[in-house]
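Inspection log for the structure reproduced underneath, given as C-alpha cells.
The values are calculated or read from the model by the stated rules, or taken from the named source; none is laboratory data. Not measured: the values here are computed from a predicted model. So basically every Cβ, Gly included, is an ideal-geometry build from the backbone, and we count neighbours across all protein chains shown.
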Amino acid sequence: MLKKLLTVTTAMAIFFAANSQDSTKGTTTFTTSVDAYYRYDFAGKGNNNYTSFTNSTNSMELGMASIRVDHSIGKVSATADLGFGRRAEEFSYNDGSGWNGTSAAGGNHFNTLAAIKQAYVSYQATSKLKFTIGKWATHIGWELLDACANRNYSMSYGFSEGPFFHTGAKLDITLGAKSGLMVGIANPTDLSTTASGNKMGIAQFFTGTKDDKVKGYLNFQGGTDAAGDKIAQGDLVLNFVLSSKWGLNYDGTLQSFKPMGGTSHSWTSNAVYLNYDPISKFGLTLRGEYFGDNDGVKLNFLDPAAAPGSFAVPVKSVTAFTLSGNYKVNNLTIIPEIRFDNAAENAFLDKDGKATKSAASFILAATYKF
C-alpha cells in the first residue's frame with residue numbers, strides 16, 4: 001500500500017512540476033523535508049521520555065519524510081501535505097493501526113490516512129473572506145509537527161497533550177492589515193474520520209504591530225469528543241522580536257475536561273522560548289516549561305516498580321528545560337540538544353533503575369528542507 005502511495009505521489013509531483021509554469025493552470029509549489037535524530041538518556045534505563053516523537057534511547061532514528069504540494073488558481077487553492085515515518089504516524093495516532101505513544105493501539109484501520117498530515121481546499125470568496133474544508137494542523141500552540149519548523153527538536157508537554165489537528169470547515173476573516181479572525185467546526189479532536197455526530201468549535205484571533213515586532217494569537221477549541229466528554233481549551237501565543245539577535249516567545253494553555261458521568265479536571269502548560277542568534281549560521285533556543293496537572297490525570301507516567309508498559313504514577317507537575325543549538329549549512333540544520341525534566345513525584349528511572357524525580361537526555365538531530 002505504501003509503495004503504491006509513493007508511486008502516485010511521485011507521478012503527481014512530476015505532473016504538477018511539468019505544468020507549474022503554465023499560468024492558465026495556476027501556480028504550484030513544492031516543499032519537502034526530512035529529519036533524523038539520535039537520543040541518549042543519561043540514566044540508560046528505559047527512555048524516560050513522555051513527550052511526542054522522541055520515544056527512543058541510544059538508537060539512530062528516522063523522524064519523518066514529508067512532501068507538501070500547494071496549488072492555486074484564481075480564487076481557489078488546495079494543499080496536499082504527506083508524511084512518512086514514525087513521527088507522522090504518531091501525529092495521526094488514531095489512523096491506521098493507531099498509536100498510544102509507545103505502541104500500536106487499535107486505530108481506525110484506514111492505513112493511508114496516517115500518511116496525510118494535511119489535506120484541504122480553500123475558496124477566497126472576497127479579499128477578506130476565505131473558506132476552507134479538510135484536515136489541517138491545529139492553530140493551538142506554538143510548536144509544529146514538522147521538525148524543520150521548530151528550533152527545539154524534542155517537543156513540549158503542552159504540544160504532546162494536543163490537539164494535533166482538526167478535520168472540518170473554517171472561515172478566515174481579515175479584520176485589518178495585521179489582524180484576523182478564524183472560526184470553524186470540526187470533528188472531535190484528532191479524528192480524521194468518526195462515526196460520532198459530536199463536534200468541536202474552533203476559533204482564533206490574531207493581531208500584531210505594524211513592524212511585526214510583537215504578535216499575539218488567542219486560540220480556542222471547545223465541544224464534545226467522540227466519547228461524549230466535554231472539552232474546553234484556551235491558548236495564548238505571544239511573539240516578541242527584541243533585537244536583531246534576540247527573540248522571545250510565550251505559549252500558555254489551559255484545558256478543562258469533564259468525562260461523561262465523571263468529575264471535571266484541568267491541566268495547564270506555560271512555555272517560554274528564548275532565542276539568541278549571534279550569527280546567521282548559528283542560534284540557540286532555551287525552552288522552559290511548567291506543566292501543571294493538579295488532579296494527576298494527564299501525566300500518568302510509567303511506574304518504575306510495575307511491569308513494563310503499565311501507567312500508574314499520577315504526576316501533578318513537571319518542569320522541563322531544553323537547550324538547543326541550530327547550526328545551519330545551506331538547507332541543513334544540525335541540532336545538538338540537552339534536556340532536563342523534573343517531576344513532582346518519582347516518575348523517572350535513575351542509572352541504578354530506582355525511581356527518581358529527575359531525568360536528563362541528549363539529542364543530536366538533523367533536518368533538511370528543500
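Take the conditions (1) in a loop (DSSP other than H, G, I, E, B); (2) of a type in the set (Ser, Thr, Tyr); (3) buried (at least 18 other Cβ atoms within 10 Å of the Cβ); Thr79 misses just one of them, which is (1).
Filtering Gly283, Gly222, Gly228, Gly262 for residues that are out of contact with any Ser or Thr (no Cβ under 8 Å at 6 or more places or on another chain), part of a strand (DSSP E or B), over 30 Å from Phe340 (Cα atoms) and not hydroxyl-bearing (Ser, Thr, Tyr) leaves a single hit, Gly222. Summed over region 231-259, the residues that are in contact with a Ser or Thr (Cβ under 9 Å, 6 or more places away or on another chain) and of a type in the set (Ser, Thr, Tyr) give a count of 2. Filtering region 215-233 to residues that are within 30 Å of Lys178 (Cβ to Cβ) and surrounded by fewer than 16 Cβ atoms within 10 Å (Cβ to Cβ) leaves Leu218, Gly222. Exactly one residue out of Thr28, Thr54, Thr24 is modelled with pLDDT of 90 or more and not in a strand (DSSP E or B), and it is Thr54. Of all residue pairs spaced 6 or more apart or on separate chains, those with beta-carbon atoms under 6 Å, a first member in region 249-278 that is free of Cβ contacts under 8 Å to residues at least 40 places away in the same chain and surrounded by fewer than 15 Cβ atoms within 10 Å (Cβ to Cβ) and a second member that is in a strand (DSSP E or B) and basic (Lys, Arg) are Ser264/Lys258.
Per the listing Phe164, Phe110, Phe131, the residue uniquely buried (at least 20 other Cβ atoms within 10 Å of the Cβ), closer than 30 Å to Ser72 by Cα and either of a type in the set (A, V, I, L, M, F, W, C) or modelled with pLDDT of 95 or more (or both) is Phe164.
Can you tell me which residue is nearest to Trp136 (Cα to Cα) among those in region 196-210 that are part of a loop (DSSP other than H, G, I, E, B), of a type outside the set (Ser, Thr, Tyr) and in contact (Cβ under 8 Å) with a residue 12 or more places away in the chain? Let's see the steps before the verdict.
Of all residues in region 196-210, those part of a loop (DSSP other than H, G, I, E, B) come to 196-199, 209-210.
Checking the rest, the ones that are also of a type outside the set (Ser, Thr, Tyr) come to 197-199, 210.
After this cut, where a residue has to be in contact (Cβ under 8 Å) with a residue 12 or more places away in the chain as well, the list is 198-199, 210.
On the way: Asn198: 19, Lys199: 16, Lys210: 28 Å.
For region 196-210, the residue satisfying everything is Lys199.
Looking at this structure, is Val237 surrounded by 15 or more Cβ atoms within 10 Å (Cβ to Cβ), of a type in the set (Val, Ile, Thr), modelled with pLDDT of 95 or more and closer than 25 Å to Trp136 by Cα? Judged against the criteria, Val237 is a match.
Across region 82-107, which residue is farthest from Thr138 (Cα to Cα) among those that are modelled with pLDDT of 90 or more and assigned to a loop (DSSP other than H, G, I, E, B)? Working first, answer last.
Taking region 82-107 as the starting set, the residues that turn out to be modelled with pLDDT of 90 or more are 82-92.
Now drop any that are not assigned to a loop (DSSP other than H, G, I, E, B), which leaves 85, 92.
Numbers: Gly85: 20, Ser92: 12 Å.
Filtering first and then ranking leaves Gly85.
Of everything listed in (1) farther than 30 Å from Thr224 by Cβ; (2) in a strand (DSSP E or B), the single unmet condition for Ser256 is (1). The listed residues are Thr174, Thr167, Thr193, Thr189, and the only one of them that is of a type in the set (Val, Ile, Thr) and more than 24 Å from Ser66 (Cβ to Cβ) turns out to be Thr174. Answer yes if at least one residue in region 146-160 is under 16 Å from Thr189 (Cβ atoms) and touching a Ser or Thr at 6+ places or on another chain (Cβ under 6 Å), and no otherwise. Yes; the residues of region 146-160 include at least one that is under 16 Å from Thr189 (Cβ atoms) and touching a Ser or Thr at 6+ places or on another chain (Cβ under 6 Å). The single condition from (1) small (Gly, Ala, Ser); (2) surrounded by 21 or more Cβ atoms within 10 Å (Cβ to Cβ); (3) at pLDDT below 95 that Ala147 fails is (3). Scanning region 317-367 for residues that are in contact with an Asp or Glu (Cβ under 6 Å, 6 or more places away or on another chain) and either hydroxyl-bearing (Ser, Thr, Tyr) or assigned to a loop (DSSP other than H, G, I, E, B) (or both) gives Ser324, Thr356, Ser361, Thr367.
The set of residues from region 311-369 being of a type in the set (Lys, Arg), modelled with pLDDT under 90 and surrounded by 14 or more Cβ atoms within 10 Å (Cβ to Cβ) comprises just one member, Lys316. I need the full set of residues from region 56-74 which are surrounded by fewer than 18 Cβ atoms within 10 Å (Cβ to Cβ), in contact (Cβ under 8 Å) with a residue 40 or more places away in the chain and on the phi < 0 side of the Ramachandran plot, in order please. Answer for region 56-74, where residues must be surrounded by fewer than 18 Cβ atoms within 10 Å (Cβ to Cβ), in contact (Cβ under 8 Å) with a residue 40 or more places away in the chain and on the phi < 0 side of the Ramachandran plot: Arg68, Asp70, Ser72, Ile73.
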